[in-house]
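S.K.: The structure that follows is given in the form of structure tokens.
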Amino acid sequence: MRIPFVDLQPLLRETEADWRPRLDGVLKRAQFVLGPELAGFETELAREFGARHAVGVGSGTSAIDLCLRAAGLAGSRREVLTTPLTAPFTGLAILSAGCRPAFADVDPETLLLDPGDAAQRITKYTRTILPVHLYGQPCDLQGFSALARANKLELIQDACQAHGAQWNHRPFTAFSDYVSYSFYPTKNLGCLGDGGAIVTDRASVARRIRSLRDGGRDARHVSSVAGVNSRLDEIQACFLRSFLPKLAEWNAGRRRLASLYRQALEGCPAVSVVRQQPGSVYHLLVVRARERHRLRAYLAQRGIGAAVHYPVPLYLQPAFQDCGLRRGDLPNAEKACREILSLPLWPGMPEDFVLEVADRIRAFSSQRSGRFDR
């Protein structure tokens with residue numbers, strides 16, 4: 001049985017009756033940038049995520065970059081404290097805004113940025129805390145917002161993997177003015193290319209980001225501030241408007257499949273499922289395995305796709321070598337990067353696929369000696 005890591009075709013077929021006429025309308029109008037589809041999507045996204053405003057931009061990376069710029073940090077070289085266990089684009093957005101990435105360790109159970117360790121790593125150069133809602137798990141926003149207030153820091157959230165998630169039944173915008181999202185195709189809410197958005201409750205923040213995403217221009221087409229070119233286009237917005245009403249249903253499906261994975265893998269000696277925070281939307285189902293490379297190869301030989309999110313902590317990657325950390329400085333993140341493996345998961349994935357993946361992992365486990373123990 002061939003089981004891909006992700007399959008987006010069912011989602012496209014399920015929503016075609018909605019996106020097809022929208023797409024035809026975009027092609028007929030021939031207005032492909034800053035048109036009615038984007039305006040409609042921004043209104044609908046803000047409502048769905050419990051925010052007052054949403055601004056569509058070109059990517060999740062750009063969303064983080066624009067949040068930093070809107071907070072007045074462009075070119076400041078100030079430190080932005082974040083997690084090393086995330087996609088490089090989190091760190092690259094910090095560099096793009098002219099700031100410096102700094103890193104704290106992760107919680108060994110959830111793999112989210114550890115508020116306690118972050119508190120110990122704040123310096124006089126730190127200006128922002130940037131927690132990442134990794135794998136669809138909401139971070140401890142009460143802890144991070146309190147930490148930001150106590151140290152007079154900006155709190156900017158990377159929610160690029162957490163569409164529809166909340167913290168303690170409250171929207172993310174209740175805890176900070178800047179929440180960034182990515183609509184990369186494999187995300188819980190994805191488009192058919194690159195796309196992103198920022199949601200906020202502050203009208204002044206939304207106005208500033210709308211200007212910055214469009215070259216910092218005013219109504220006279222004069223750039224009054226140094227902005228960027230990063231606008232969510234009409235074609236992507238038309239697909240996102242069709243997918244958004246299905247998000248809650250798709251997230252519920254992810255939760256059901258994740259629960260089935262947990263049941264099927266309970267007590268398996270070879271792997272341990274990463275503990276999820278309450279309210280997770282399960283962008284990824286991640287396990288830890290001491291023999292991660294062997295297990296991944298074993299699954300691949302049997303037609304099962306698996307991935308690693310992420311193999312190298314950011315501070316050990318050449319692009320971030322100036323952060324001042326060395327191998328061994330953040331042991332929880334380094335150990336996790338050696339062990340994590342993401343298993344197939346997508347809305348509408350047949351339950352038989354979950355059981356087949358789990359059976360294959362158990363078969364691998366029976367061939368190996370010893371039990372996985374963090």
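S.K.: For segment 190-204, give me each residue that is free of Cβ contacts under 8 Å to residues at least 60 places away in the same chain and crowded, with 20+ Cβ neighbours inside 10 Å.
M.R.: 191
S.K.: Can I ask one more? Can you go through 149, 121 and tell me which one is more than 25 Å from residue 44 (Cα to Cα) and without any contact (Cβ under 8 Å) to a residue 12 or more places away in the chain?
M.R.: 149
S.K.: Could you check residue 361 against (1) surrounded by fewer than 19 Cβ atoms within 10 Å (Cβ to Cβ); (2) more than 25 Å from residue 139 (Cβ to Cβ) and say which number it fails?
M.R.: The single condition residue 361 does not satisfy is (1).
S.K.: Look through segment 71-95, keep the residues that are small (Gly, Ala, Ser) and buried (at least 24 other Cβ atoms within 10 Å of the Cβ), and return whichever of them is farthest from residue 178 (Cα to Cα).
M.R.: 91
S.K.: Next question, about the same structure. Looking only at segment 276-316, count every residue that is assigned to a loop (DSSP other than H, G, I, E, B) and of a type outside the set (S, T, N, Q) and tell me the total.
M.R.: Summing the residues that are assigned to a loop (DSSP other than H, G, I, E, B) and of a type outside the set (S, T, N, Q) in segment 276-316 gives 18.
S.K.: Could you tell me whether residue 341 is more than 20 Å from the chain's Cα centre (by Cα) and either farther than 16 Å from residue 88 by Cα or part of a helix (DSSP H, G or I) (or both)?
M.R.: When the stated conditions are applied, residue 341 does not pass them.
S.K.: In segment 213-223, is there at least one residue being of a type in the set (Val, Ile, Thr) and at pLDDT 95 or above?
M.R.: So far as segment 213-223 goes, no, none of its residues is of a type in the set (Val, Ile, Thr) and at pLDDT 95 or above.
S.K.: Here is a further query. Restricting attention to segment 208-230, does a residue exist that is surrounded by fewer than 16 Cβ atoms within 10 Å (Cβ to Cβ) and closer than 25 Å to residue 281 by Cβ?
M.R.: no
S.K.: Let me ask something else. Give 164, 143 a once-over and let me know the one that is in a loop (DSSP other than H, G, I, E, B) and either closer than 15 Å to residue 87 by Cβ or among the small types (Gly, Ala, Ser) (or both).
M.R.: 164
S.K.: So is residue 164 assigned by TED's automatic domain parsing to the domain that holds residue 19 and touching a residue at least 40 places away in the same chain (Cβ under 8 Å) or not?
M.R.: yes
S.K.: Could you check segment 228-265 and list, in sequence order, the residues that are within 20 Å of residue 349 (Cα to Cα) and not in a helix (DSSP H, G or I)?
M.R.: none
The values are calculated or read from the model by the stated rules, or taken from the named source; none is laboratory data. Everything numeric here is computed off the predicted structure, so don't read it as measured data. Backbone-built Cβ (ideal geometry, glycine too); neighbour counts: all protein chains shown.
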